[in-house]
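The values are calculated or read from the model by the stated rules, or taken from the named source; none is laboratory data. Note that this is a predicted model, so its numbers are computed, not measured. Because the Cβ atoms are built from the backbone with ideal geometry, glycine has one as well, and the counts that use them run over all protein chains shown.
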Amino acid sequence: MKKILIALTLLMSVAMCRALPLLEEGEAEDPSISETRRLKAEISLLNLLNGLYLSNDQLDKLIALGDRAEAVERRALKDFVADSAPYLSGLKSLRDSLYTPTGSAPELKKAAQEAEVKHVMGPRDVMAEESGRLEEEARGVLSEAQVAVVEGFKPCLIPPKTLSDPVAVGQLTTTDKEEAALDVMRRMPEDLYQKRRQEVVRIVLDRGEREKGKMPADVRRGMEGTLLKKLDEARSLSDADFGLKKKDYAKEFQLFDETVVYHHGHKRELGKIHRFLLSGGAARTLRRYKDAVAKAPARTQGEAPVGEDPADQKAKARRGAMMRFGGATMQAIKEYMDSGKLAKSEAQRLRQELKALKESNDQDKQYAGVSRIAARLASLGVTPKLVDGAYGRLAYLCHKKCLPPGPLLRPKGASKKGRPAKQGSADITGLGAMVAQARDYEDSGSLPLAYRTLSQVASYLERFKE
């Protein structure tokens with residue numbers, strides 16, 4: 001599938017905006033580059049396989065499905081190559097016209113768009129539909145826990161320790177993400193919940209349609225009403241009742257019966273099971289892996305996790321965030337004093353207060369004290385260090401409220417102006433988008449707007465239930 005995606009989507013599709021390769025026309029890529037790419041992909045797949053604990057029967061079924069997926073890939077590539085000459089000729093004509101002062105003529109643009117649909121998008125959709133059915137079969141080969149591992153896997157050279165722990169793998173369920181999302185929605189302050197409930201349901205339905213197909217409008221409206229009702233019900237439950245019923249509620253947000261696929265107007269998007277286990281020569285790696293496992297002694301237990309206790313890690317993260325909040329506020333005092341906005345006597349008093357707070361073991365007291373000093377400074381204007389401290393404030397609140405960090409805790413500089421933060425189920429609060437907006441304000445020099453936006457985010461976070 002990898003070759004097809006490159007040939008039919010990345011290199012040929014004008015809908016995808018990618019940087020051009022640093023190669024002259026006709027120049028071949030150095031073999032070491034392609035070999036490096038191949039080796040890293042194979043290592044990453046082996047790391048995943050070592051964490052799945054597949055049986056021989058599962059391996060046999062996945063190998064067979066991988067062979068079928070590669071056959072689909074070869075057939076599509078062969079068809080594309082056989083019919084590519086007029087398509088490439090049209091692309092070259094469009095390119096050459098763009099080098100002229102007047103640009104491309106409307107008929108050239110129209111012809112290129114029609115060729116794109118005929119030679120790229122149409123075949124791509126047909127191929128994706130066939131490959132998607134194979135992916136559904138592969139999903140049925142795996143257990144719920146194994147599906148959860150694949151869906152959460154990120155390509156890596158060195159796997160995380162939890163991936164090699166069979167006990168941890170066995171405890172994974174496919175409702176983990178939905179349960180975590182419901183927990184966040186339950187703890188939201190009411191005003192934020194009312195702003196986000198409709199958007200969260202839209203995100204869930206859109207994700208479901210990408211995976212299983214587009215629903216008829218009346219079906220979607222009915223599901224939207226059902227999910228909104230379930231969200232409201234989950235929020236009304238006591239903590240004890242939610243603990244007992246959360247898995248049942250989470251299953252409601254998985255939406256789709258695996259035997260039901262909607263096709264009306266749908267353009268299927270392939271998922272991680274296809275990406276990792278069926279495409280890019282996965283069948284060959286699976287065969288070699290099966291032979292290697294048969295010759296190796298059976299694994300009875302995974303590597304024992306090593307490192308800090310999770311509770312200690314969380315406490316350390318909170319302390320680090322508080323130090324950033326307090327430290328940046330301390331530096332901001334100097335900015336205000338140097339600019340003449342803050343009298344030296346007041347600056348010394350505020351510094352002494354911050355030093356006393358640093359010695360305290362009461363983090364609630366520290367947070368309240370630093371927040372009060374930051375508010376005093378903000379009343380005199382906004383400086384870069386005051387904004388930097390605001391990010392530390394958000395980091396502390398995220399750790400304290402046990403919220404998924406996501407885009408809220410990205411380090412400064414990770415968001416570039418003009419590149420909005422990725423949105424999706426991970427940012428169900430919508431606060432990540434606000435932080436991204438604040439970073440854009442900061443990049444453009446609008447520090448007061450950045451600080452005001454970050455303060456709004458902090459206000460929401462403060463009111464989350466713990």
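Step by step: first the residues of the range 192-246, then only those that are not small (Gly, Ala, Ser) and not in a helix (DSSP H, G or I), then the one that is farthest from residue 179 (Cα to Cα). Which residue is that? Give the derivation first.
Keep residues of the range 192-246 that are not small (Gly, Ala, Ser), which gives 192-207, 209-212, 214-216, 218-221, 223-224, 226-233, 235, 237, 239, 241-242, 244-246.
Checking the rest, the ones that are also not in a helix (DSSP H, G or I) come to 214-216, 237.
Details: 214: 24, 215: 24, 216: 27, 237: 14 Å.
Residue satisfying both the conditions and the ranking: 216.
How many residues, within the range 154-191, are modelled with pLDDT under 95 and not in a loop (DSSP other than H, G, I, E, B)?
Number satisfying all stated conditions: 22.
Restricting to the range 105-148, and then to whatever is β-branched (Val, Ile, Thr) and crowded, with 20+ Cβ neighbours inside 10 Å, can you tell me which residue is modelled with the lowest pLDDT? Before the answer, list the steps.
Residues of the range 105-148 β-branched (Val, Ile, Thr): 117, 120, 126, 141, 147.
So of that shortlist, the ones also crowded, with 20+ Cβ neighbours inside 10 Å come out as 120, 141, 147.
Numbers: 120: 79, 141: 90, 147: 84.
Residue satisfying both the conditions and the ranking: 120.
Would you mind stating whether residue 375 is of a type in the set (Gly, Ala, Ser) and surrounded by 13 or more Cβ atoms within 10 Å (Cβ to Cβ)? Please lay out each step first, then the result.
Values: of a type in the set (Gly, Ala, Ser): yes; surrounded by 13 or more Cβ atoms within 10 Å (Cβ to Cβ): no.
Criteria not met by residue 375.
If you check residue 324 against the conditions, is it at pLDDT below 95 and either more than 21 Å from residue 441 (Cβ to Cβ) or part of a helix (DSSP H, G or I) (or both)?
Working: at pLDDT below 95: yes; either more than 21 Å from residue 441 (Cβ to Cβ) or part of a helix (DSSP H, G or I) (or both): yes.
Here the answer is yes, as residue 324 does meet what is asked.
Could you give me the residue pairs with C-beta distances under 7 Å whose first residue belongs to the range 322-333 and is surrounded by fewer than 22 Cβ atoms within 10 Å (Cβ to Cβ), whose second residue is in a helix (DSSP H, G or I) and not hydrophobic (A, V, I, L, M, F, W, C) wherever it lies, and which are 6+ apart or on separate chains?
Correct list of pairs: 324/392; 330/351; 331/385.
Determine whether residue 39 is buried (at least 19 other Cβ atoms within 10 Å of the Cβ) and part of a helix (DSSP H, G or I). Lay out the reasoning, then the answer.
On the way: buried (at least 19 other Cβ atoms within 10 Å of the Cβ): no; part of a helix (DSSP H, G or I): yes.
So residue 39 does not fit the description; no.
Pairs needed: first member in the range 139-166, assigned by TED's automatic domain parsing to the domain that holds residue 36 and of a type outside the set (Lys, Arg); second member anywhere, at pLDDT 80 or above and loosely packed, with under 14 Cβ neighbours inside 10 Å; C-beta distance under 7 Å; at least 6 residues apart or different chains.
Close Cβ pairs (under 7 Å, with a partner that is at pLDDT 80 or above and loosely packed, with under 14 Cβ neighbours inside 10 Å) amount to 157/40.
Looking at (1) in contact (Cβ under 8 Å) with a residue 40 or more places away in the chain; (2) hydroxyl-bearing (Ser, Thr, Tyr); (3) surrounded by fewer than 12 Cβ atoms within 10 Å (Cβ to Cβ), which one does residue 238 not meet, given that it meets all the others?
Among (1) in contact (Cβ under 8 Å) with a residue 40 or more places away in the chain; (2) hydroxyl-bearing (Ser, Thr, Tyr); (3) surrounded by fewer than 12 Cβ atoms within 10 Å (Cβ to Cβ), residue 238 violates only (1).
Give the range 372-400 a look and list any residue that's hydrophobic (A, V, I, L, M, F, W, C) and touching a Phe, Trp or Tyr at 6+ places or on another chain (Cβ under 7 Å), or say none.
Applying the first criterion (hydrophobic (A, V, I, L, M, F, W, C)) to the range 372-400 yields 373-375, 377-378, 380, 382, 386-387, 390, 394-395, 397-398.
Result: 377, 378, 380, 382, 386, 387, 390.
Collect the residues in the range 346-364 that are over 17 Å from residue 461 (Cα atoms), not acidic (Asp, Glu) and not in a loop (DSSP other than H, G, I, E, B), keeping them in residue-number order. Even if it seems obvious, please write down each step before you answer.
Start the filter on the range 346-364 by keeping residues that are over 17 Å from residue 461 (Cα atoms), which leaves 346-362.
With not acidic (Asp, Glu) added as a condition, the list becomes 347-352, 354-358, 360-361.
Those that are over 17 Å from residue 461 (Cα atoms), not acidic (Asp, Glu) and not in a loop (DSSP other than H, G, I, E, B): 347, 348, 349, 350, 351, 352, 354, 355, 356, 357, 358.
I'd like to check something: does the range 88-104 contain any residue that is at pLDDT below 85 and not hydroxyl-bearing (Ser, Thr, Tyr)?
yes
So residue 64 passes all but one of these: (1) over 17 Å from residue 141 (Cβ atoms); (2) more than 30 Å from the chain's Cα centre (by Cα). Which condition number does it fail?
Only one criterion in (1) over 17 Å from residue 141 (Cβ atoms); (2) more than 30 Å from the chain's Cα centre (by Cα) is unmet by residue 64, namely (1).
Name the single residue that is farthest from the chain's Cα centre (by Cα) among those in the range 437-452 being free of Cβ contacts under 8 Å to residues at least 60 places away in the same chain and surrounded by 21 or more Cβ atoms within 10 Å (Cβ to Cβ).
Step one: of the range 437-452, the residues free of Cβ contacts under 8 Å to residues at least 60 places away in the same chain are 437-446, 449, 452.
Right, trim to surrounded by 21 or more Cβ atoms within 10 Å (Cβ to Cβ) and you get 438-439, 442.
Values: 438: 20, 439: 19, 442: 24 Å.
Selected residue: 442.
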